[in-house]
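Written out below as structure tokens is the structure these notes cover.
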Amino acid sequence: MSDAFTTRVLNITTGSAETVVDLTRDCEAFLREAAAARDGLLNVFVPHATAGIAIIETGAGSDDDLLAALHSLLPSDDRWQHRHGSPGHGRDHVLPALVPPHATLPVLGGRLELGTWQSVCLVDTNVSNHNRQVRLSFLG
């Protein structure tokens with residue numbers, strides 16, 4: 001691969017509960033190595049049908065609010081056509097329509113350009129899959 005494109009896969013253990021995992025430090029560490037003070041774009045992608053990437057505030061309750069909102073919008077009950085897995089698992093397959101499996105973010109001078117309270121987060125409501133991969137790709 002050329003210096004203009006670099007990619008890495010993170011292996012994330014999410015556990016057996018719905019969760020929001022802050023990936024911001026992982027993204028920053030990757031960019032320190034991959035971007036080498038250049039401008040470009042960071043793409044964050046989760047190759048799973050039941051997880052997404054969100055840019056939200058964490059640590060002040062917004063991550064819990066997001067999970068609560070998703071639980072209200074996508075209840076874990078028997079209404080879903082998709083029925084394999086744990087009860088209500090069909091909702092997990094609808095999640096990426098609301099929380100997309102990717103985000104593309106600006107990088108200036110090798111640093112991630114986020115707002116003051118923004119964080120890059122993996123959103124995982126699938127309690128049956130405890131291991132996730134997240135691909136970070138820098139183009140610059």
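The values are calculated or read from the model by the stated rules, or taken from the named source; none is laboratory data. For clarity, every value in this text was computed on a predicted model and none was experimentally measured. Backbone-built Cβ (ideal geometry, glycine too); neighbour counts: all protein chains shown. Only protein heavy atoms, including side chains, enter the accessible area calculation; ligands, DNA and RNA are left aside. Shrake-Rupley method; radii C 1.70, N 1.55, O 1.52, S 1.80 Å.
Results, tabulated for the structure shown:
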{"read-out": "Test: residue in the range 81-101 that is among the hydrophobic types (A, V, I, L, M, F, W, C) and within 19 Å of residue 9 (Cα to Cα)", "value": "no"}
{"read-out": "Selection from the range 1-13 of residues that are within 12 Å of residue 134 (Cα to Cα), surrounded by 14 or more Cβ atoms within 10 Å (Cβ to Cβ) and not aliphatic (A, V, I, L, M)", "value": "7, 8"}
{"read-out": "Members of the range 55-87 that are in a helix (DSSP H, G or I), open to solvent by 60 Å² or more (accessible area, probe 1.4 Å) and either of a type outside the set (D, E, K, R) or more than 20 Å from residue 103 (Cβ to Cβ) (or both)", "value": "64, 71, 72, 73"}
{"read-out": "Criterion: open to solvent by 30 Å² or more (accessible area, probe 1.4 Å), among the hydrophobic types (A, V, I, L, M, F, W, C) and over 15 Å from the mean Cα position of the chain (by Cα) - qualifying residue of 29, 35, 49", "value": "29"}
{"read-out": "Sole residue being touching a residue at least 24 places away in the same chain (Cβ under 8 Å) and either of a type in the set (D, E, K, R) or more than 23 Å from residue 130 (Cα to Cα) (or both), chosen from 34, 29", "value": "34"}
{"read-out": "Test for residue 52: is it touching a residue at least 60 places away in the same chain (Cβ under 8 Å), in a loop (DSSP other than H, G, I, E, B) and under 20 Å from residue 120 (Cα atoms)", "value": "no"}
{"read-out": "From the options 97, 103, residue that is aliphatic (A, V, I, L, M), at pLDDT 95 or above, open to solvent by 40 Å² or more (accessible area, probe 1.4 Å) and not in a loop (DSSP other than H, G, I, E, B)", "value": "97"}
{"read-out": "Verdict on residue 136 being surrounded by 20 or more Cβ atoms within 10 Å (Cβ to Cβ) and closer than 17 Å to residue 6 by Cβ", "value": "yes"}
